[in-house]
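Below is one structure, written out as structure tokens, with a few remarks after it.
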Amino acid sequence: MIPFRKEMKEPPPMAGHALEFTDANFQQEVLDSELPVLVDFWAPWCGPCRMIGPVIEELASENQGTCKVGKVNVDENGGVAMQFGVSSIPALMIFKGGRLVQQFVGVTQKPRLQQAIDEAKG
């Protein structure tokens with residue numbers, strides 16, 4: 001058991017189902033994917049990004065095997081963020097067949113994201 005420490009500002013990272021996309025693997029994992037892909041462009045210092053994080057994990061878990069769901073840390077992977085014109089975060093993009101098919105900026109409700117994923121699956 002880990003004792004509670006007041007100096008901890010953030011909870012420890014949770015192991016989840018969301019994948020980690022990077023400049024190095026974006027082509028293979030997202031653009032070349034046979035499945036639709038939801039990508040969350042985020043940064044650790046972004047409050048709204050942290051708010052939507054649990055929703056992204058839920059979507060990853062609930063759509064496992066039918067849609068890839070992952071995150072791009074824009075501080076560490078500026079190339080892919082620049083490639084897709086990400087200027088505000090969180091930015092959520094859905095790719096299908098290597099093409100961007102839908103995008104959202106800001107905190108987006110889970111039902112709307114699931115609807116967009118379902119549309120990309122169909």
Considering only region 64-113, state which residues are loosely packed, with under 12 Cβ neighbours inside 10 Å and aliphatic (A, V, I, L, M).
-> none
Please give the number of the condition G70 fails out of (1) under 17 Å from Q103 (Cα atoms); (2) in a helix (DSSP H, G or I); (3) touching a residue at least 40 places away in the same chain (Cβ under 8 Å).
-> (2)
G65: over 13 Å from the mean Cα position of the chain (by Cα), under 18 Å from A120 (Cβ atoms) and assigned to a loop (DSSP other than H, G, I, E, B), yes or no?
-> yes
Restricting attention to region 77-88, does a residue exist that is assigned to a loop (DSSP other than H, G, I, E, B), under 21 Å from L31 (Cβ atoms), in contact with a helix residue (DSSP H, G or I) (Cβ under 6 Å, 6 or more places away or on another chain) and in contact (Cβ under 8 Å) with a residue 24 or more places away in the chain?
-> no
Verdict on G97 being closer than 17 Å to C46 by Cβ, in contact with a Pro (Cβ under 9 Å, 6 or more places away or on another chain) and of a type outside the set (D, E, K, R) | no
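Throughout, read-outs are computed from the coordinates displayed, never taken from laboratory work. Since we're looking at a predicted model, the values are computed, not measured. So basically every Cβ, Gly included, is an ideal-geometry build from the backbone, and we count neighbours across all protein chains shown.
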